[in-house]
Amino acid sequence: MTALFSPYIGLMKTLIKAWNLDSKPIQITLVSASIGFGIAGVLASMNRSGMLPTGAFGYVEGTAVAAAIISGVLTLGVLAYMELLAGQAQEEKIQTVEQRVREHPEKPQLAWDLARVKLESYLDRNLSQVQSIYWLTLVVMLCGFGFVSYGLYQVSESAEKLPVSVVASASGVLISFIGGSFLVIYRSILAQSKGYVSVLERINAVGMAVQVIATIPESDLELKNKGKAALAEQLLKLYAEPSTSKKANKTKKKP
């Protein structure tokens, strides 16, 4: 159940982090966006309940849509700014580790740390793309649902508007189909993220093994050399397994 709402929880966490930065421009932007969404919701409710004069229908509807769009743009701006800050922090982290590697080239653990940090940055970027595709798919499908709802509403109001309703509903179905096609890209990027996680686990395992070998005292040189040889052998087996399994799968597929 939590996985179903994880994109929305992640969005709320990002907005809360933005608020906690104690930056007045960001806080003013978030407050303005909240007020805009509130105004749009109130106007839409009043419009549906018939509390407004008949002649004000178009103006109120346009104002509600404009307020919602402006609020959405402000929210997207804050999210983009937070994404920029996260990217800058990741770049600084990579540069710090690279500097340590240049200063201490004799320490293999630092090289593994650098590989791990870079892979984590790739994974974060990949997950960011996944979230972007998810929200794009959601928006497109909501637009398609809106077109279908509009078509049904028009035909319920007047049977003479049946052609318009058919066109609107067909457009909504087509837009929803386009949104569904984005899910194919979503699935492929998720598979790529899974591969990154697998490689990251291997790098962490190797890093821990290097740390264990480094704790062996220099006086016991034979044991240390045996540990290094065993680690090298395991690495060769580890990275030879994927290619071996691929060859085996190809052999099985051949008639």
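In debye, nearest 20: dipole of segment 104-217 around its Cα centre with unit charges on the Cβ of K, R (+) and D, E (-)?
Rounded to the nearest 20 debye, it is 260 debye.
Pop the C-beta distance of residue 90 and residue 145 into the FRET formula with R0 = 30 Å and round what comes out to the nearest 0.05. Walk me through the intermediate numbers first.
On the way: r = 37 Å, r/R0 = 1.22.
FRET efficiency, residue 90 to residue 145: 0.25.
Work out the FRET efficiency for residue 226 and residue 197 from their Cβ-Cβ distance, taking R0 = 35 Å, and round it to the nearest 0.05. Write out the running numbers ahead of the final one.
Values: r = 31 Å, r/R0 = 0.89.
Computed FRET efficiency for residue 226 and residue 197 comes out at 0.65.
Excluding residue 209 itself, calculate the net charge of residues whose Cβ lies under 11 Å from the Cβ of residue 209, where each Lys or Arg counts +1 and each Asp or Glu counts -1.
Summing Lys/Arg as +1 and Asp/Glu as -1 gives +2.
Under the 0.36 nm per residue contour assumption, what length would be gained going from the current alpha-carbon distance of residue 190 and residue 153 to full extension?
Residue separation times 0.36 nm, minus the Cα-Cα distance, leaves 9.5 nm.
Any read-out appearing in this document is the output of simple, stated calculations on the displayed coordinates, not a laboratory observation. This structure is a prediction, so every number in the text was calculated from the model and none was measured. Neighbour counts run over all protein chains shown; Cβ positions are idealised from the backbone, glycine included.
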